[in-house]
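Here is the structure we will look at, set down as C-alpha coordinates.
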Amino acid sequence: MLQGLAFYLLAATAVVSGLLVVTARNPVHSVLWLILAFFSSAGLFVLMGAEFLAMLLVVVYVGAVAVLFLFVVMMLDVDFVRLREGYARYLPLGGIVAGILLAEMIMVSMAVVQGGAAREATGPAAAAADASNIETIGRVLYTDYVYFFQAAGIVLLIAMIGAIVLTLRHKPGVKRQDVSRQVGRDAKTAMEVKSVQTGVGVTPEELR
(Lines give C-alpha, C1' and ligand atoms only; values in the text may rest on other atoms or scores of the structure.)
Protein backbone atom coordinates (compact mmCIF):
# COMPACT_ATOMS: atom_id res chain seq x y z
CA MET A 1 0.00 0.00 0.00
CA LEU A 2 2.72 2.45 0.99
CA GLN A 3 4.83 1.54 -2.05
CA GLY A 4 1.88 2.09 -4.40
CA LEU A 5 1.13 5.46 -2.82
CA ALA A 6 4.78 6.52 -3.21
CA PHE A 7 4.74 5.42 -6.86
CA TYR A 8 1.64 7.45 -7.75
CA LEU A 9 2.93 10.48 -5.83
CA LEU A 10 6.35 10.42 -7.53
CA ALA A 11 4.85 9.71 -10.95
CA ALA A 12 2.37 12.57 -10.66
CA THR A 13 5.13 14.92 -9.50
CA ALA A 14 7.35 13.92 -12.44
CA VAL A 15 4.56 14.43 -14.99
CA VAL A 16 3.48 17.80 -13.59
CA SER A 17 7.09 18.99 -13.35
CA GLY A 18 7.72 17.94 -16.95
CA LEU A 19 4.72 19.96 -18.11
CA LEU A 20 5.84 23.00 -16.12
CA VAL A 21 9.32 22.76 -17.68
CA VAL A 22 7.93 23.50 -21.15
CA THR A 23 5.15 25.89 -20.05
CA ALA A 24 7.07 28.13 -17.63
CA ARG A 25 7.83 31.57 -19.04
CA ASN A 26 10.97 32.10 -17.00
CA PRO A 27 13.90 29.84 -18.09
CA VAL A 28 15.24 29.77 -14.52
CA HIS A 29 11.92 28.39 -13.28
CA SER A 30 12.02 25.80 -16.09
CA VAL A 31 15.40 24.52 -14.89
CA LEU A 32 14.15 24.34 -11.30
CA TRP A 33 11.11 22.31 -12.39
CA LEU A 34 13.48 20.09 -14.39
CA ILE A 35 15.50 19.38 -11.24
CA LEU A 36 12.30 18.39 -9.44
CA ALA A 37 11.39 16.07 -12.32
CA PHE A 38 14.83 14.43 -12.08
CA PHE A 39 14.43 13.86 -8.35
CA SER A 40 11.00 12.33 -8.85
CA SER A 41 12.33 10.02 -11.58
CA ALA A 42 15.16 8.99 -9.27
CA GLY A 43 12.58 8.05 -6.64
CA LEU A 44 10.78 5.88 -9.22
CA PHE A 45 14.05 4.11 -10.02
CA VAL A 46 14.52 3.37 -6.31
CA LEU A 47 11.05 1.84 -6.14
CA MET A 48 11.93 -0.38 -9.12
CA GLY A 49 15.11 -1.60 -7.41
CA ALA A 50 17.50 0.28 -9.73
CA GLU A 51 19.43 2.22 -7.09
CA PHE A 52 22.43 2.72 -9.35
CA LEU A 53 20.34 4.49 -12.00
CA ALA A 54 18.75 6.65 -9.31
CA MET A 55 22.17 7.66 -8.03
CA LEU A 56 23.36 8.47 -11.57
CA LEU A 57 20.27 10.56 -12.22
CA VAL A 58 20.83 12.63 -9.09
CA VAL A 59 24.61 12.99 -9.31
CA VAL A 60 25.02 13.45 -13.08
CA TYR A 61 21.85 15.17 -14.22
CA VAL A 62 20.87 17.11 -11.10
CA GLY A 63 24.35 17.74 -9.74
CA ALA A 64 26.03 18.58 -13.04
CA VAL A 65 23.80 19.07 -16.07
CA ALA A 66 20.82 20.80 -14.45
CA VAL A 67 23.01 23.05 -12.29
CA LEU A 68 25.09 23.91 -15.38
CA PHE A 69 21.92 24.83 -17.28
CA LEU A 70 20.76 26.93 -14.33
CA PHE A 71 23.97 28.98 -14.17
CA VAL A 72 24.11 29.37 -17.95
CA VAL A 73 20.51 30.59 -18.12
CA MET A 74 21.13 33.03 -15.25
CA MET A 75 24.28 34.42 -16.89
CA LEU A 76 22.87 34.73 -20.40
CA ASP A 77 21.30 38.04 -21.33
CA VAL A 78 18.12 36.59 -22.85
CA ASP A 79 15.84 39.02 -24.65
CA PHE A 80 12.44 37.59 -23.67
CA VAL A 81 10.49 40.03 -25.86
CA ARG A 82 12.37 38.98 -28.97
CA LEU A 83 12.08 35.35 -27.91
CA ARG A 84 8.29 35.56 -27.76
CA GLU A 85 8.14 37.22 -31.18
CA GLY A 86 9.51 34.09 -32.87
CA TYR A 87 7.05 31.79 -31.09
CA ALA A 88 4.33 32.01 -33.74
CA ARG A 89 6.81 31.66 -36.58
CA TYR A 90 8.26 28.38 -35.32
CA LEU A 91 4.95 26.99 -34.02
CA PRO A 92 4.21 24.82 -37.14
CA LEU A 93 7.68 23.28 -37.07
CA GLY A 94 7.35 22.59 -33.35
CA GLY A 95 3.96 20.97 -33.95
CA ILE A 96 5.45 18.66 -36.59
CA VAL A 97 8.30 17.62 -34.29
CA ALA A 98 5.87 17.07 -31.40
CA GLY A 99 3.65 14.92 -33.66
CA ILE A 100 6.61 12.76 -34.69
CA LEU A 101 7.66 12.29 -31.06
CA LEU A 102 4.09 11.42 -30.08
CA ALA A 103 3.86 8.82 -32.85
CA GLU A 104 7.16 7.26 -31.74
CA MET A 105 6.00 7.10 -28.12
CA ILE A 106 2.75 5.43 -29.17
CA MET A 107 4.66 2.85 -31.23
CA VAL A 108 7.00 2.10 -28.32
CA SER A 109 4.06 1.81 -25.92
CA MET A 110 2.29 -0.62 -28.25
CA ALA A 111 5.46 -2.71 -28.51
CA VAL A 112 5.74 -2.82 -24.72
CA VAL A 113 2.10 -3.85 -24.35
CA GLN A 114 2.54 -6.63 -26.90
CA GLY A 115 5.44 -8.01 -24.88
CA GLY A 116 8.36 -6.75 -26.92
CA ALA A 117 10.09 -5.30 -23.89
CA ALA A 118 9.54 -8.44 -21.81
CA ARG A 119 11.96 -10.61 -23.76
CA GLU A 120 14.77 -12.11 -21.81
CA ALA A 121 18.24 -10.82 -22.55
CA THR A 122 20.46 -13.06 -24.62
CA GLY A 123 24.12 -13.01 -25.52
CA PRO A 124 27.10 -11.86 -23.45
CA ALA A 125 25.05 -9.19 -21.65
CA ALA A 126 22.48 -11.63 -20.28
CA ALA A 127 21.93 -11.05 -16.60
CA ALA A 128 22.60 -13.89 -14.22
CA ALA A 129 20.03 -14.83 -11.62
CA ASP A 130 22.22 -13.69 -8.73
CA ALA A 131 23.70 -10.62 -10.49
CA SER A 132 23.26 -7.24 -8.83
CA ASN A 133 21.75 -4.20 -10.46
CA ILE A 134 25.13 -2.50 -10.93
CA GLU A 135 26.69 -5.63 -12.46
CA THR A 136 23.82 -6.04 -14.93
CA ILE A 137 24.00 -2.39 -16.02
CA GLY A 138 27.78 -2.67 -16.44
CA ARG A 139 27.42 -5.69 -18.69
CA VAL A 140 24.85 -3.94 -20.87
CA LEU A 141 26.72 -0.63 -21.12
CA TYR A 142 30.18 -2.02 -21.81
CA THR A 143 29.23 -4.84 -24.18
CA ASP A 144 26.19 -4.16 -26.35
CA TYR A 145 25.91 -0.38 -26.02
CA VAL A 146 29.49 0.71 -25.43
CA TYR A 147 29.63 2.98 -28.51
CA PHE A 148 26.32 4.64 -27.66
CA PHE A 149 27.58 5.19 -24.12
CA GLN A 150 30.73 6.89 -25.42
CA ALA A 151 28.71 8.97 -27.90
CA ALA A 152 26.51 10.23 -25.07
CA GLY A 153 29.62 11.30 -23.15
CA ILE A 154 30.92 13.20 -26.19
CA VAL A 155 27.57 14.98 -26.59
CA LEU A 156 27.63 16.07 -22.94
CA LEU A 157 31.23 17.30 -23.34
CA ILE A 158 30.30 19.35 -26.41
CA ALA A 159 27.30 20.78 -24.58
CA MET A 160 29.49 21.84 -21.66
CA ILE A 161 32.03 23.49 -23.97
CA GLY A 162 29.21 25.26 -25.81
CA ALA A 163 27.81 26.61 -22.54
CA ILE A 164 31.24 27.97 -21.59
CA VAL A 165 31.66 29.61 -25.01
CA LEU A 166 28.21 31.23 -24.76
CA THR A 167 28.97 32.75 -21.36
CA LEU A 168 32.53 33.88 -22.26
CA ARG A 169 32.28 37.55 -23.16
CA HIS A 170 34.99 40.07 -23.94
CA LYS A 171 34.27 43.40 -22.29
CA PRO A 172 36.19 46.49 -23.43
CA GLY A 173 38.62 47.96 -20.95
CA VAL A 174 39.15 44.67 -19.06
CA LYS A 175 42.63 43.16 -19.09
CA ARG A 176 42.74 39.53 -20.18
CA GLN A 177 45.52 37.00 -19.92
CA ASP A 178 47.43 36.35 -23.16
CA VAL A 179 49.13 32.97 -22.60
CA SER A 180 50.96 32.87 -25.95
CA ARG A 181 52.43 36.33 -25.34
CA GLN A 182 53.55 35.34 -21.85
CA VAL A 183 55.18 32.13 -23.02
CA GLY A 184 56.87 33.73 -26.04
CA ARG A 185 58.41 36.71 -24.26
CA ASP A 186 62.15 37.18 -24.06
CA ALA A 187 64.55 39.26 -21.98
CA LYS A 188 63.92 42.39 -24.06
CA THR A 189 60.16 42.33 -23.67
CA ALA A 190 59.97 40.88 -20.15
CA MET A 191 61.41 43.92 -18.39
CA GLU A 192 61.58 47.62 -19.14
CA VAL A 193 63.78 50.11 -17.29
CA LYS A 194 62.26 53.58 -16.84
CA SER A 195 63.91 56.76 -15.72
CA VAL A 196 61.88 58.06 -12.79
CA GLN A 197 62.21 61.69 -11.75
CA THR A 198 62.67 62.36 -8.07
CA GLY A 199 59.49 63.58 -6.42
CA VAL A 200 57.34 62.86 -9.49
CA GLY A 201 57.09 59.08 -9.64
CA VAL A 202 55.51 57.01 -12.39
CA THR A 203 52.12 57.80 -13.87
CA PRO A 204 49.53 55.05 -14.50
CA GLU A 205 49.88 55.58 -18.26
CA GLU A 206 53.60 54.81 -18.04
CA LEU A 207 52.94 51.63 -16.07
CA ARG A 208 50.73 50.34 -18.86
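Side notes on the structure shown:
- Region 139-151, subset surrounded by 10 or more Cβ atoms within 10 Å (Cβ to Cβ) and either outside any helix (DSSP H, G or I) or of a type in the set (Ser, Thr, Tyr) (or both), residue nearest to the chain's Cα centre (by Cα): Tyr145
- Only listed residue being among the hydrophobic types (A, V, I, L, M, F, W, C), in contact with a Ser or Thr (Cβ under 6 Å, 6 or more places away or on another chain), open to solvent by 60 Å² or more (accessible area, probe 1.4 Å) and in contact (Cβ under 8 Å) with a residue 12 or more places away in the chain, chosen from Leu36, Leu32, Leu10, Leu53: Leu36
- Test: Ile106 is touching a Leu at 6+ places or on another chain (Cβ under 9 Å) and either modelled with pLDDT of 85 or more or at negative phi (or both): no
- Considering residues of region 166-189 that are modelled with pLDDT under 80 and aliphatic (A, V, I, L, M) only, the residue farthest from Tyr61 (Cα to Cα): Ala187
- Residues in region 1-22 that are among the hydroxyl-bearing types (Ser, Thr, Tyr) and in contact with a Phe, Trp or Tyr (Cβ under 9 Å, 6 or more places away or on another chain) were compared, and the one that is nearest to Ala64 (Cα to Cα) is Ser17.
- Among residues of region 152-180, those that are over 26 Å from Leu68 (Cα atoms) and either over 35 Å from the mean Cα position of the chain (by Cα) or in a loop (DSSP other than H, G, I, E, B) (or both), counted: 4
The values are calculated or read from the model by the stated rules, or taken from the named source; none is laboratory data. In this text, all values refer to a predicted model and were calculated from it rather than measured experimentally. We place every Cβ from the backbone using ideal geometry, glycine too, and count neighbours over all the protein chains shown. Ligands, DNA and RNA are stripped out before the accessible areas are found, and what is left, the full protein with its side chains, is counted by its heavy atoms. Shrake-Rupley method; radii C 1.70, N 1.55, O 1.52, S 1.80 Å.
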